[in-house]
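Structure first, then comments.
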Amino acid sequence: RATSRLLRLSCELAWTALHYPLSLAFRGERPVHEARAHWLQCHCRRVAQALHLSVQTSGPAPTRGILVSNHLSYLDIILLGSIAPSVFVAKREVRRWPLFGWFAHLGGTVFVHREKRSDTLRSSNENRGALERGSLVVLFPEGTSTGGRTVLPFKSALLREAENPEFPTHA
């Protein structure tokens with residue numbers, strides 16, 4: 001049973017990689033950033049199914065603005081990504097992770113070097129650009145995953161755009 005799930009997951013990841021150039025090549029009039037977000041949503045749904053994860057929401061899912069969430073596990077990304085086309089914000093180290101860093105990059109993730117103030121400003125500008133294009137930007141303000149029993153201090157620079165009343169903020 002575990003072997004068959006692992007095989008299905010491997011096939012889904014392979015299809016994810018193969019489907020990326022096709023989804024961009026045949027995007028029609030859709031802008032690249034939108035095609036990337038839809039590609040990510042499609043494959044987050046497929047990976048969730050392969051892992052037998054059930055996604056349940058209460059109320060309508062946000063489609064634009066900022067979605068602020070605690071980061072309890074790395075399954076959060078798959079689950080949140082399956083709900084709506086999204087742009088994720090992640091620490092820059094994720095970009096170097098084998099396979100998943102590559103998928104995050106292809107999906108349009110904004111990578112932040114948190115210790116470098118100038119990079120925080122750059123990433124904030126990227127987030128604002130995504131928000132102005134009508135995207136849903138997902139961020140984990142604690143900057144890491146936790147068990148959920150406590151709340152770590154927020155990386156306040158990540159929340160800069162949440163202060164702007166022009167963009168809806170969802171928690």
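The values are calculated or read from the model by the stated rules, or taken from the named source; none is laboratory data. None of the values given here were measured: they were computed from a predicted structure. As a convention, Cβ positions derive from the backbone with ideal geometry for all residues, glycine included, and neighbour counts pool all protein chains shown. Remember, those area values only see protein heavy atoms, side chains included, never the ligands or the DNA or RNA. Shrake-Rupley method; radii C 1.70, N 1.55, O 1.52, S 1.80 Å.
For the reader, a short list of remarks on this structure follows.
- Summed residue charge, Cβ within 15 Å of Pro165's Cβ, Lys/Arg positive, Asp/Glu negative: -1
- Solvent-accessible ranking of Ile66, Ile78, largest area first, probe 1.4 Å: Ile78, Ile66
- With every protein chain in place, region 43-84: carbon and sulfur % of accessible area (1.4 Å): 55 percent
- Paired Rg and Dmax values of region 15-100, which use every Cα atom, in angstrom: 13.5, 37
- Kirkwood Rh in Å, taken over all unlike Cα pairs in the chain: 16.7 Å
- Probe 1.4 Å, protein heavy atoms only - accessible area per residue of the chain in square angstrom: 58 Å²
- With each label modelled as a point 7 angstrom along the Cα→C-beta vector, the Val55-Tyr74 pair spans 1.9 nm.
- Nearest 10 degrees, 0 to 90: helix 32-50 Cα axis against the chain principal axis: 50 degrees
- Sites excluded, trypsin sites (Lys or Arg not before Pro) in DSSP loops with at most 12 other C-beta within 10 Å, longest stretch of the chain: 2-115
- Distance between the modelled labels on Cys11 and Thr63, one decimal in nanometres: 3.3 nm (7 Å Cα→Cβ projection).
- A full extension of the chain between Leu159 and Ser4 corresponds to an added length of 51.7 nm, given 0.36 nm per residue minus the alpha carbon distance.
- Accessible area in the full protein assembly, largest first, 1.4 Å probe, for Cys44, Cys11: Cys11, Cys44
- Length gained on full extension, His113 to Cys42, computed as 0.36 nm times the residue gap minus the Cα-Cα distance: 22.8 nm.
- Net charge over other residues, Cβ less than 10 angstrom from the Cβ of Arg46 (K, R count +1; D, E count -1): +1
- Of all segments of the chain bounded by GluC sites (Glu not before Pro) found in a DSSP loop with no more than 14 other C-beta atoms within 10 Å, the longest spans 30-114.
- Environment charge at Phe111 (Cβ cut-off 12 Å; Lys +1, Arg +1, Asp -1, Glu -1): +4
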